[in-house]
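Note sheet for the following structure.
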Amino acid sequence: MISVHWFLLWYLLLAVLLTTVLACITQSGFNLAAIAALTGGVAAGDIAATVWFDLTHFSLTYAPIALVNLLVAAVLLHYLPLLRQFWLAAVLGAVVLYLMLLIINTIAPMPTLIAATRSNGGIISMLLCSSAGMLGYIWLLKRRKYYA
Amino acid sequence: MPRFAILLALLFAVPAVNAAASYQLKVLADNLSYPWALEFLPDGDMLLTERGGILKRLAADGSERFSIQPALPDLLQAAQAGLQDVILTPGFTDNNQILLSYACGTLKANNTCLASAELTASGLGNIKRIFQAQPLKSGAAHFGGRIAFLPDNSLVLTLGDGFDYREQAQNPANHLGKIVRLNVDGSVPPDNPFADRPGYAAEIYSLGHRNVQGIFYDAATQTLYSHEHGPRGGDELNIINDGANYGWPVATKGIDYTGARVSPYIHFTGMQAPVWGWTPSIAPAGMTLYRGELFPQWQGNIFVAALAAKSVYRLDIENHQVVHEQVLFSELKQRIRDVRSGPDGALYLLTDSDKGQLIKVTPAN
């Protein structure tokens, strides 16, 4: 008899949502900063419109990436109890995403698929988004006392 | 009532039949490996490049005179990198000199190069690299690579932004995302728009481009046309003026392949807007101006080869504006890498695959 804990899936999806929203805002931020450097600035309305555009468009690309990223990390957490600490979960989410980005950029026809990750600062920012998602996930599980 | 229906059917059917029968396609050569460019020789032969580094000389009927791998200095072959355009120099009849553009360097440090060579009976001789775009960058994408000569016998070479370096298209100090103007020996014409301006690369003719893979000069209207790939949407047809900025990546109708917005701006002050565009992208990869006699109805039209759209776009131009567009050759269901107007009045197509073809288009009758 296999018992299914639906809250695990629910918490994972919440973490994916958090990561995706943060990643979209990060992506917008890096693109807008690059444009602002060329034009001398971007108006607040254009910033808001770009963030909204990315939340409704870039999210469709990034959500599946975040899902695979956090699912792999969550499975590792499940089978490796030693990792069930906040900081280790955060590192785990980031490491899995980093490996995924390496694979994606190897497979994709363009050198770098996600524009924000063209710079080291952008890569670190996107990894932090993944870490935030994993922190949210393990916090929910510890709050429920599923993980000690 | 039935007669009326038949009349209506005929009215709509007749143009379709005429359109379908207005040209015929003949495969002159096949089993070409990603053919990239075609150039016509004065004797009716053709030079054809393949991305893998092969240069072929073909007779007018498509039969092969020779197929060689020229020793191009530092040729890079990977993804979009490889041998690109070929063009005869204005002095070809006297010195047999041709120019070849190609990706050069390594995967970690490369850009677009231009080489001159002498066409001989069996191949090429005296191959010399005369220009290398700077800086060297990583990755095998967005090399531009098309060449056209201007009336003063200087040439323009199109370059790409290297994909990961799109903001550099606005940096006047380098060649990424630029069209450069050179003399036939690779030197810089002293009347280039930024030749004497500090902080500007002297070779720059125009800037703000993404990946320009089509260019020609129309002597009749004294106009230099080019087209460039947008990302997702935002493919552009531009009229190139010396010193002008064409906006990439600040002003674009395209978005990133991921769906992210590249820029909030479609237009921007001081940046040239395209005269025509394609969204969604057709992936324009080569173009020609038709001045032949076999298709009088196509006189003065621009033909744009499209990879993603698997067709050729015929653009009717009046006063530098596109007034009509027609999609042709979609029945081939092939990515079209290049389209050229032959000296015999026929149109020539190159299909983009490892079994690429050279196809001649002539009137049906």
Task: Any chance B:Asn171 is polar (S, T, N, Q), within 14 Å of chain A (Cβ to nearest Cβ) and surrounded by 22 or more Cβ atoms within 10 Å (Cβ to Cβ) - done: no
TODO: Check segment A:4-18 and report whether any residue there is within 14 Å of another protein chain (Cβ to nearest Cβ), in a helix (DSSP H, G or I) and surrounded by 15 or more Cβ atoms within 10 Å (Cβ to Cβ).
DONE: no
TODO: Under 7 Å between Cβ atoms, at least 6 apart or on separate chains: pull out the pairs that start in segment A:95-111 with a residue that is within 12 Å of chain B (Cβ to nearest Cβ) and end on any residue that is charged (D, E, K, R).
DONE: A:Pro111/B:Asp164
- [ ] Residues being under 30 Å from A:Met110 (Cα atoms), assigned to a loop (DSSP other than H, G, I, E, B) and of a type outside the set (Gly, Ala, Ser): count how many of those fall in segment B:97-126.
- [x] 3
Task: Any chance A:Ala115 is within 24 Å of A:His57 (Cα to Cα) and within 14 Å of chain B (Cβ to nearest Cβ) - done: yes
TODO: Among the numbered conditions (1) small (Gly, Ala, Ser); (2) within 14 Å of chain A (Cβ to nearest Cβ); (3) surrounded by 21 or more Cβ atoms within 10 Å (Cβ to Cβ), tell me where B:Ala285 comes up short.
DONE: (2)
Open item on the list: When you scan segment B:289-305, do you find a residue that is within 14 Å of chain A (Cβ to nearest Cβ) and crowded, with 19+ Cβ neighbours inside 10 Å, even just one?
Closed with: no
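Applying the selection to segment B:218-232, what residues are assigned to a loop (DSSP other than H, G, I, E, B) and under 15 Å from B:Phe163 (Cα atoms)?
B:His229, B:Gly230, B:Pro231
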Open item on the list: Only one of B:Ala141, B:Ala121 is within 24 Å of B:Gly286 (Cβ to Cβ) and of a type in the set (Gly, Ala, Ser). Can you tell me which?
Closed with: B:Ala141
Task: Filter result for the condition that a residue is out of contact with any Cys (no Cβ under 6 Å at 6 or more places or on another chain), surrounded by 15 or more Cβ atoms within 10 Å (Cβ to Cβ) and either outside any helix (DSSP H, G or I) or among the aliphatic types (A, V, I, L, M) (or both), over A:Leu60, A:Leu135, A:Leu102 - done: A:Leu135
- [ ] Say whether the condition of being more than 12 Å from chain B (Cβ to nearest Cβ) and within 29 Å of B:Asp256 (Cα to Cα) is met by at least one residue in segment A:78-88.
- [x] no
Open item on the list: For segment B:309-339: of the residues being touching a residue at least 60 places away in the same chain (Cβ under 8 Å) and of a type in the set (D, E, K, R), which is surrounded by the fewest Cβ atoms within 10 Å (Cβ to Cβ)?
Closed with: B:Arg337
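Would a scan of segment B:70-86 turn up a residue that is among the polar types (S, T, N, Q), surrounded by fewer than 17 Cβ atoms within 10 Å (Cβ to Cβ) and in contact (Cβ under 8 Å) with a residue 40 or more places away in the chain?
No, that holds for no residue.
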TODO: Among what's in segment A:114-126 and is crowded, with 23+ Cβ neighbours inside 10 Å and not β-branched (Val, Ile, Thr), pick the residue that is farthest from A:Val95 (Cα to Cα).
DONE: A:Ala115
Task: Selected residue (criterion: farthest from the other protein chains (Cβ to nearest Cβ)) from residues of segment B:141-168 that are among the charged types (D, E, K, R) and assigned to a loop (DSSP other than H, G, I, E, B) - done: B:Asp152
TODO: Considering every residue within segment B:249-270, establish whether at least one is surrounded by fewer than 19 Cβ atoms within 10 Å (Cβ to Cβ) and closer than 14 Å to B:Ser206 by Cβ.
DONE: yes
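Any read-out appearing in this document is the output of simple, stated calculations on the displayed coordinates, not a laboratory observation. Every value quoted in this text rests on a predicted model; they were computed, and no experiment measured them. Here the Cβ is made from the backbone with ideal geometry for all residues, glycine too, and neighbour counts use every protein chain on show.
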